[in-house]
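Visitor: First, the structure itself, so that you have it in front of you.
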Amino acid sequence: MPVIARIHENQARLAALRHEIHAHPELAFEERRTGDLVAGVLAAAGIEVHRGLARTGVVGVLRAGTGTRAIALRADMDALPIVEQNAIPHRSRHEGRMHACGHDGHTAMLLGAAEYLAATRRFDGTVVFLFQPAEETVGGARVMIEEGLFARFPVEAVFGMHNWPGLPAGQFAVHAGPVMACADQFDISVRGHGAHAAMPHQGFDPLVAGAALVQSLQTIASRNLDPLDAAVVSVTRFHAGDAYNVIPHEARIGGTVRAFRAEVQDAVETAMERLCAGIGAGHGVQVALDYHRGYPPTVNTPAEAEICRTVAAALAGEENVRSDLRPSMGAEDFAYMLKERPGCYVWIGNGLGEGGCMLHNPHYDFNDAILPLGASYWARLAEHLLPLA
Ligand code: NI
């Protein structure tokens, strides 16, 4: 793998850092031990450290030359509530918590780049290293922004990277435009009138109305949206009743909506409201929709995507940078940062994903072999964006 020699020499140490983080996974906003480790490495490299944003977030600031331009590179630090099934030396020491998404690797790669950039300083301007908490569910990136991230650390663009099982090690994928979807959630309550199951005419059945609603929700993607717009409407919960001979009073339905454009999210919500009202009226039940916006779509800006593609290609070779992969219907809270600043979120190949080595799988483990490539990508990106005069 063609990487920066100085970073390659540091591979064993980067792997050791990664294993240390992997063995001590921490959930959202609890990344204190990880934050201590990150802050310690940054400080030892002579990088200015700021802590406390979004409780456990760590920000490193590195200046070189006289340039006033600034960019941000971001890694995530949190783990998942999963029982690790790997028998590896660095297996999680905390039952029920696991780095099953590779954020241990993301943190180690960005630390490797920070050390390299601090030692070499072959750039002109400011590199801000963002180590954020709580990517998985509660939007640590959003909290950092709300607490003044970009006011305190003004940058012109922001960059992210996620490992991608299924993409061979040594490759990158770069999307100009959407790369991950939004993750909205909905809750629907269907209130009818309970009755004896043998005398359904004496009530209004929320279960039959709910079943009709679940069917109708499937027509949103197929009948209401432009066929060229991708969207998912998945009903994942349907709770009603607990007896064989009772028509219950209420049914509760829930699920998720995924899309790549805000206009599509709006259209889905509007169609859901219309269907809820119509099915409710048709069945004589009261239907209430609660639609919550989750992570927005992650959308790369074309100019920054082209820069990332160029940097990745210079490192890994043109043939190892994919720009033809489809976006994922998964979601990512880096989306909030991309709503504030131009930037790009790339995928780095984690290998083909054999043996259950897929994200959020209890057998997953980040691929140590790609640590130097990821760290080299970050370093070259910073040098490319902030060139010496
Ligand atoms: Ni992740």
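Visitor: Looking at segment 352-366, which of its residues are more than 16 Å from the ligand (Cβ to nearest atom) and out of contact with any Gly (no Cβ under 7 Å at 6 or more places or on another chain)?
Guide: Glu354, Gly355, Gly356
Visitor: Got a number for residues in segment 307-321 being crowded, with 16+ Cβ neighbours inside 10 Å and assigned to a helix (DSSP H, G or I)?
Guide: Final tally of qualifying residues: 10.
Let's see how each residue does on (1) open to solvent by less than 40 Å² (accessible area, probe 1.4 Å); (2) out of contact with any Cys (no Cβ under 7 Å at 6 or more places or on another chain); (3) over 16 Å from Glu250 (Cβ atoms); (4) not assigned by TED's automatic domain parsing to the domain that holds Phe366:
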{"residue": "Pro168", "(1), (2), (3), (4)": "no, yes, yes, no"}
{"residue": "Phe172", "(1), (2), (3), (4)": "yes, yes, yes, no"}
{"residue": "Ser189", "(1), (2), (3), (4)": "yes, yes, no, yes"}
{"residue": "Ala198", "(1), (2), (3), (4)": "no, yes, yes, yes"}
{"residue": "Asp205", "(1), (2), (3), (4)": "no, yes, no, yes"}
{"residue": "Ala209", "(1), (2), (3), (4)": "yes, yes, no, yes"}
{"residue": "Ala212", "(1), (2), (3), (4)": "yes, yes, no, yes"}
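Condition check ((1) hydroxyl-bearing (Ser, Thr, Tyr); (2) open to solvent by less than 10 Å² (accessible area, probe 1.4 Å); (3) not in a helix (DSSP H, G or I)) across all residues:
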residue	(1), (2), (3)
Ala331	no, no, yes
Tyr345	yes, yes, yes
Gly355	no, no, no
Leu359	no, no, yes
Phe366	no, yes, yes
Ile370	no, yes, no
Ala375	no, yes, no
Ala382	no, yes, no
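Visitor: Let me ask another. For residues that are free of Cβ contacts under 8 Å to residues at least 24 places away in the same chain and closer than 30 Å to Tyr336 by Cα, tally how many sit in segment 274-300.
Guide: 1
Visitor: May I ask you to say which residue of Asp104, Asp76 is near the ligand (Cβ under 10 Å from one of its atoms), in contact (Cβ under 8 Å) with a residue 40 or more places away in the chain and within 23 Å of the chain's Cα centre (by Cα)?
Guide: From the options Asp104, Asp76, the qualifying one is Asp76.
The values are calculated or read from the model by the stated rules, or taken from the named source; none is laboratory data. Quantities reported herein were computed from a predicted structural model and do not represent experimental measurements. So basically every Cβ, Gly included, is an ideal-geometry build from the backbone, and we count neighbours across all protein chains shown. Just so you know, the surface numbers come from the protein's heavy atoms only, side chains and all, with ligands and any DNA or RNA stripped out. Shrake-Rupley method; radii C 1.70, N 1.55, O 1.52, S 1.80 Å.
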